[in-house]
Amino acid sequence: MKGNILNIERYHYTDGNGIRIMVFMKGCNLRCPWCSNPESQRYDRQLAFNKNKCVNCGRCIPACPQQAIYMDNGKVYMNHSLCHNCGKCVNTCFSDARILYGKEMSVDEVMAEILKERSYFVRSKGGVTFSGGEAALQADFVRECSRRCRLEYINTAIETAGAVRWETLWHGVEYIDEVLFDIKTLNVVDFGKLSDEPLQLVLDNLSRLCDKGKKVRIRCPIIPGFNDHLEFIQGVVKIALENGIEQIDLLPFHQMGSYKYKSLDKPYAYKEEKALEKDALIPFAEIIREKGIKCLIGG
């Protein structure tokens with residue numbers, strides 16, 4: 001069994017308890033215009049070209065079988081519409097201006113990376129978090145990895161938006177210790193802009209996870225002009241209370257992934273929006289805590 005992996009990152013202090021290793025899965029069925037990981041959206045491999053790093057040496061031009069790379073007035077350019085994402089140009093680039101996102105890895109290969117961090121997990125009560133993209137879209141792979149982690153007494157978490165069929169979601173999370181469940185909006189019309197699945201499916205999946213006894217933590221990215229209002233926070237609090245959920249994380253909008261859009265030749269709708277400071281979310285956090293629910297800003 002193989003999964004399509006975007007990246008494996010070590011020493012995270014968020015996205016679960018303790019020191020964690022993050023396994024980012026490639027592929028997402030949402031289209032959030034503020035996404036900080038646009039390279040995770042497509043399931044297949046994807047080539048990025050960072051013009052700011054390019055030294056215009058031209059070594060990549062003969063390496064491209066599709067002739068998608070060309071020189072004009074002493075500068076290297078790329079026609080993304082011709083690129084087949086073969087990655088042959090990447091090895092010729094000594095300035096790291098070209099990155100191929102996504103590679104297939106077996107369960108054994110991923111577990112080998114996870115087990116390197118065993119001592120950190122034990123000391124910090126940390127573990128592994130499967131994220132994305134949408135990790136639940138590769139439910140078979142996540143299920144087997146989390147089952148193997150359980151045999152090794154390694155804590156596991158998954159970050160999901162829950163916009164998948166219940167059978168798929170449960171298959172992926174059955175051996176997972178904690179579900180970090182993203183709620184981005186409670187407005188049906190707004191959710192329809194992000195997903196082809198109905199909002200009710202997401203809310204039903206959340207309730208069913210809680211009914212199954214799963215530890216669920218709600219996470220809310222707070223996006224200016226989209227969900228940064230009291231009505232949204234009150235609605236999320238209501239859902240948490242109804243389902244016995246003990247923690248809500250508020251994730252302030254940031255611009256840390258904005259540079260990736262240009263390298264992928266993708267438009268970015270939030271390029272003019274300022275990042276939110278954590279202090280701006282304190283009033284929302286206080287509303288949550290007043291109801292007896294733990295709240296972290298930054299999660």
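The values are calculated or read from the model by the stated rules, or taken from the named source; none is laboratory data. Keep in mind that what you see is a predicted model, and the values were worked out from it rather than measured. No Cβ is skipped: glycine too gets one built from the backbone with ideal geometry, and neighbour counts run over all protein chains shown.
Here are some notes:
- Being of a type in the set (D, E, K, R), touching a strand residue (DSSP E or B) at 6+ places or on another chain (Cβ under 8 Å) and at negative phi is a property that does not hold for Asp140.
- Residues satisfying the stated conditions in the stretch 50-82, i.e. in contact with a Leu (Cβ under 9 Å, 6 or more places away or on another chain), within 17 Å of Ser263 (Cβ to Cβ) and assigned to a loop (DSSP other than H, G, I, E, B): Cys64, Ala68, His80
- Filtering the stretch 88-124 to residues that are hydroxyl-bearing (Ser, Thr, Tyr), part of a helix (DSSP H, G or I) and not assigned by TED's automatic domain parsing to the domain that holds Cys57 leaves Ser119, Tyr120, Ser124.
- Filter result (under 24 Å from Gln247 (Cα atoms) and surrounded by fewer than 19 Cβ atoms within 10 Å (Cβ to Cβ)) within the stretch 35-46: Ser36
- Residues in the stretch 184-200 include at least one that is among the polar types (S, T, N, Q), under 18 Å from Gly299 (Cβ atoms) and over 16 Å from the mean Cα position of the chain (by Cα).
- Of the residues in the stretch 133-144, none is touching a residue at least 12 places away in the same chain (Cβ under 8 Å), out of contact with any Ser or Thr (no Cβ under 8 Å at 6 or more places or on another chain), in a strand (DSSP E or B) and assigned by TED's automatic domain parsing to the domain that holds Lys278.
Rundown of residues vs (1) over 13 Å from Trp34 (Cβ atoms); (2) among the small types (Gly, Ala, Ser), yes/no style:
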position	(1), (2)
Asn205	yes, no
Lys238	yes, no
Leu241	yes, no
Asp249	yes, no
Ser263	yes, yes
Glu272	no, no
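- For the stretch 170-200, the set of residues classified as surrounded by fewer than 17 Cβ atoms within 10 Å (Cβ to Cβ) and closer than 18 Å to Asn243 by Cβ consists of Gln200 only.
- Criterion: among the β-branched types (Val, Ile, Thr), assigned by TED's automatic domain parsing to the domain that holds Ile218, assigned to a loop (DSSP other than H, G, I, E, B) and in contact with a helix residue (DSSP H, G or I) (Cβ under 9 Å, 6 or more places away or on another chain) - qualifying residue of Ile287, Ile239, Ile245, Ile233: Ile245
- Every residue from the stretch 184-230 that is under 24 Å from His254 (Cβ atoms) and in a helix (DSSP H, G or I): Asp190, Phe191, Lys193, Leu194, Val202, Leu230
- The single condition among (1) part of a loop (DSSP other than H, G, I, E, B); (2) in contact with a helix residue (DSSP H, G or I) (Cβ under 7 Å, 6 or more places away or on another chain) that Asn85 does not meet is (2).
- If you go through the stretch 259-286 and pick out every residue that is crowded, with 16+ Cβ neighbours inside 10 Å, more than 14 Å from Pro224 (Cβ to Cβ) and not basic (Lys, Arg), you end up with 5.
- Residue in the stretch 203-213 that is under 30 Å from Asn85 (Cβ atoms) and free of Cβ contacts under 8 Å to residues at least 12 places away in the same chain present: no
- Within the stretch 137-173, being aliphatic (A, V, I, L, M) and more than 19 Å from the chain's Cα centre (by Cα) holds for Leu151, Ile154.
- Residue ID - surrounded by the fewest Cβ atoms within 10 Å (Cβ to Cβ), chosen from residues in the stretch 149-164 that are within 12 Å of Ala136 (Cα to Cα) and touching a helix residue (DSSP H, G or I) at 6+ places or on another chain (Cβ under 8 Å): Val164
- Whenever a residue of the stretch 276-291 is within 13 Å of Gln247 (Cα to Cα), its partners that are part of a helix (DSSP H, G or I), lying with C-beta atoms within less than 6 angstrom and at least six residues away or across chains, give the pairs Ile287/Ile233; Ile288/Val237; Lys291/Val237.
- Hits in the stretch 157-183 - residues which are more than 20 Å from Cys220 (Cα to Cα) and either basic (Lys, Arg) or assigned to a strand (DSSP E or B) (or both): Arg165
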